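Heads up, the thing below is written out as structure tokens.
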Amino acid sequence: MPATRAETRRLQALPSPNALQVRSALQRGTRMISAAIRRSGLKPSVWRLDGLPSWSWWFLALAFIGMKSWLTSGGGIYGNIGDSDDLTRLIQVRELMASGHWFDTTTMKVGGDAGMLSHWSRLIDLPLVGLISLFSLVMPVEDAERLTHAVWPLSLLAGLLWVMFRCVQSVAGDRAAGIVMALTALSPFAWYQFSVGRIDHHNVMIAGTVAAALLMWSRPRWTEHWFLAGGLTGLALAVGYEALAPAVALGVLATVWGLFDRRNGRAAGAFGLALALVFAASFFTTIAPSRWMDIHCDAISLNMVVLVSFGVAGLLVAVGPGRGWPLSVRLLVIAGFAAAGIAGFGSLEPKCLAGPKGQLPALLNTIWLDKVAEGESPIARMLTGSFAEPLALIAFFVLGLVAQWSELRKTRTLADIFLFAVLGIFVGLALWQYKYVSYASCIATVPIAIAISRLGMVGEISAPTVRVAALVLLNQSALLLFTGIADQLFRAPNAVAAEQKANAGACSKPDAIRDLAALPAGLFASHIDMGAYIAGLTHHRALAAPYHRIANAIIANYEIFSARDPESAAAVLKQQHVDYVVICRGLDGPPSTTPEWKGTLRADLVNGKAPAYLVPVPLSNPHSLYHVWRVDRAAINLPLSKAAASTQ
């Protein structure tokens, strides 16, 4: 960042009305914290954020997040395996290590006889294989896997935190950079996807898009930064289409910036070129030539390569040979290339024009997708009576937007307009679906940290104490505490729901799932949320797991448990070659009491009633959470024969 821009961002001699309002709101809290500091006997210099080397704040933030996620994850590095996505990723990594088949991402562990052709990128599998192989040189492979569950997400987090630190430092100085590290460490929604155990692709997408946005904001004239930002965005998009909306937002904003500020045309072109090159390279190195015409709407495919290539080509023409043309002509050029790209995209697979879910059966939405937590809206959750979490998020996002708007009014730079637009779009996405909360939370910490770094004295309270107080009071953890208290005061605690949630979580605990490991290998029909754990922690296979690529298997699993007569369930069990049916009361019990499930096989099994062709299987642990039945293949033909006879 040129020195002249840094000068424009210095705190004005006279406090603005916004600053006065913030100070007034924080005065009571700062007095309390100041009194606590005086009672502690520590010297004021101990509490100064300027007192440590600037880079140490990056290290302290990383160490704090690592230790907190380790200690609160349910057993630390050797007890935490993340969630079902992380387990399925581990299955995919194990199979790659065993077979060496780079292009074949099919796993038979879930999905029944058809298995699952995973849409997850080998670009994530490769470093995981490398880490496990490296650690296996000095420890058993199981320990190497556990250690990888810690090293990989924290390594990604270290890179993201470093980019955040350096970008804020270049714009607003060491103090703001230190505060953004502390603020991020105290904002769990910013880093929860980087916790110990998280080896799935979400953290890579978050790190790539957030880092890209900050690189573009902090160095608007540095073509190298924009080229790196484009590459990171292309990588995030190649890894998973959950990053599609943030990637499109960055691409559109980069294009607009390059068109309206011709000095940034070259940088915008570098962003687009790097994005297209990385995305195309990812396609050609991870998809076998024999599958180039096998178009999927939910993962990197030739149709998206075509769309990205045409879009970037239009941008390169507009900011290159056409940089001297009238703006209207340049916009028409970009629109023409985009239209051609959309036409090519749609011609390769028309269903993809409906979005990433365009190829999925509609029934899948009803029985599963509509209930996925990451697709839920914080606003919708608040309307159902759960206030604490959504209110804390909204408050934090509003703080970020107000802080950035205040900064923008002072600087009036295109860089700050860009950051405000990015934050606004990411906040909109986060309020639409929970999966975007981390993107918005990371970006929001930046303007809040800069605003805190510029706070001065309040009365007799020193500026460092005011900043510490603001940091303590305005982080996500504090906001969650405040809104949680308010929620408890104004809404009666729902102890039953909390107990149900705990019981459901117990069904997926590794120690519990291993009760099934002693049974002869077979295919399990179970609650969809148990499928990945059964497949990942035992030698069994699971018919259903929470992955849309096995839509038919999920529907078949649903038809088994929702069957209202023995014949219907028997037909699907036989067709899918299921060996075992299992229920866990924590997961299967609550649904069985609802009208939707009354009279179904699930309700009967929960109540201890099973058709004759399901034979109870005793488990070695008499206190096991599970009840298992073996499918008797001889007995299952009897109800099917009776059903056939009744139709004649």
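Derivation of every value follows stated rules applied to the coordinates shown; laboratory data play no part. Owing to the predicted nature of the structure, the values given are computational and were not obtained by experimental measurement. Methodologically, a virtual Cβ is constructed for each residue, glycine included, from the backbone with ideal geometry; neighbour enumeration extends over all protein chains shown.
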Extension reserve of the GLU374-LEU244 stretch, reckoned as 0.36 nm per residue once the Cα distance is removed = 45.3 nm
Once both labels are modelled 7 Å past Cα along the beta-carbon direction, what's the THR594-SER155 spacing in nm?
-> 4.2
Relative contact order of the chain (C-alpha contacts under 8 Å, at least 6 apart) in percent is 15
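For Cα pairs less than 8 Å apart in space and 6+ apart in sequence, what is the mean separation divided by the residue count of segment 504-646, i.e. the relative contact order in percent?
Details: 220 pairs, mean separation 34.4, N = 143.
Relative contact order, segment 504-646: 24 percent.
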Rounded to the nearest 10, the angle in degrees between the Cα long axis of helix 302-319 and the longest principal axis of the Cα atoms of the chain comes to 10
Positive-end residue of ALA61, ALA299, PHE345, charge dipole of the chain with Cβ unit charges = ALA61
Take every Cα-Cα pair in segment 295-365 and report what % of them are more than 18 Å apart.
-> 46
For segment 569-601, listing trypsin sites (Lys or Arg not before Pro) in a DSSP loop whose Cβ sees at most 13 other Cβ atoms within 10 Å gives LYS598
Rank by packing, highest mean first: peptides 366-375, 408-417, 471-480, with packing defined as the count of other Cβ atoms within 10 Å averaged across residues.
-> 471-480, 408-417, 366-375
Over the chain: helical MRE at 222 nm, DSSP H runs n ≥ 4 each giving -39500 (n - 2.57), nearest 500 | -20000 deg cm²/dmol
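Per 0.36 nm of contour for each residue apart, how much would the distance between ASP632 and LEU363 grow if the chain were fully extended, relative to their Cα-Cα spacing? Could you put the intermediate results ahead of the total?
Details: separation 269, 0.36 × 269 = 96.84 nm, distance 2.95 nm.
Once the chain is fully extended between ASP632 and LEU363, it gains 93.9 nm.
Figure the gain on full extension for MET293 and ALA354 (residue separation times 0.36 nm, minus the Cα-Cα span) and round it to one decimal in nm. Could you put the intermediate results ahead of the total?
Details: separation 61, 0.36 × 61 = 21.96 nm, distance 1.88 nm.
Contour length minus Cα-Cα distance gives 20.1 nm.
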For segment 264-310 and segment 149-215, what is the separation of their C-alpha centers, rounded to whole Å?
-> 26
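Using per-residue counts of other Cβ atoms within 10 Å, averaged over each peptide, order 607-613, 618-624, 429-435 from highest down. Walk me through the numbers before you get to the answer.
On the way: 607-613: 14.3, 618-624: 10.7, 429-435: 19.4.
Highest-to-lowest ranking by the protection proxy: 429-435, 607-613, 618-624.
With +1 on each Lys and Arg Cβ and -1 on each Asp and Glu Cβ, and nothing else charged, work out how big the dipole of the chain is about its Cα centre, in Debye to the nearest 20. Could the numbers behind the result be given before it?
Numbers: 52 positive and 40 negative charges, 460 e Å.
Here the size comes out at about 2200 debye.
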Among THR384, PHE103, VAL581, the residue whose Cα sits farthest towards the positive end of the charge dipole of the chain (+1 at Cβ of Lys and Arg, -1 at Cβ of Asp and Glu, taken about the Cα centre) is THR384
In Å and whole numbers, how far do the C-alpha atoms of segment 504-646 stretch along each principal axis, longest first?
-> 46, 34, 33
How do the peptides 62-71, 85-94 rank, highest first, by the average count of neighbouring beta carbon atoms within 10 Å per residue?
-> 85-94, 62-71
Nearest 10, in degrees from 0 to 90: the angle of helix 495-506 to the longest Cα principal axis of the chain is 70
For the chain, the fraction of alpha-carbon pairs in successive 20 Å shells from zero, as % | 17, 46, 30, 7, 0
Tell me which residues come under 5 Å, amide H to amide H, from VAL110 once H is placed; ignore anything under 5 positions away on its chain.
-> MET116, ALA542
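Could you work out the relative contact order of segment 244-362? I mean the mean sequence separation of Cα pairs under 8 Å and 6+ apart, divided by the number of residues, in percent. Show your work: numbers first, answer last.
Working: 120 pairs, mean separation 32.1, N = 119.
Averaging sequence separation for qualifying contacts and normalising by length gives 27 percent for segment 244-362.
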Could you tell me how many degrees, from 0 to 90 and to the nearest 10, lie between the Cα long axis of helix 84-99 and the main elongation axis, the longest principal axis, of the Cα atoms of the chain?
-> 80
To the nearest whole percent, what portion of all C-alpha pairs in segment 365-415 is separated by more than 17 angstrom?
-> 56
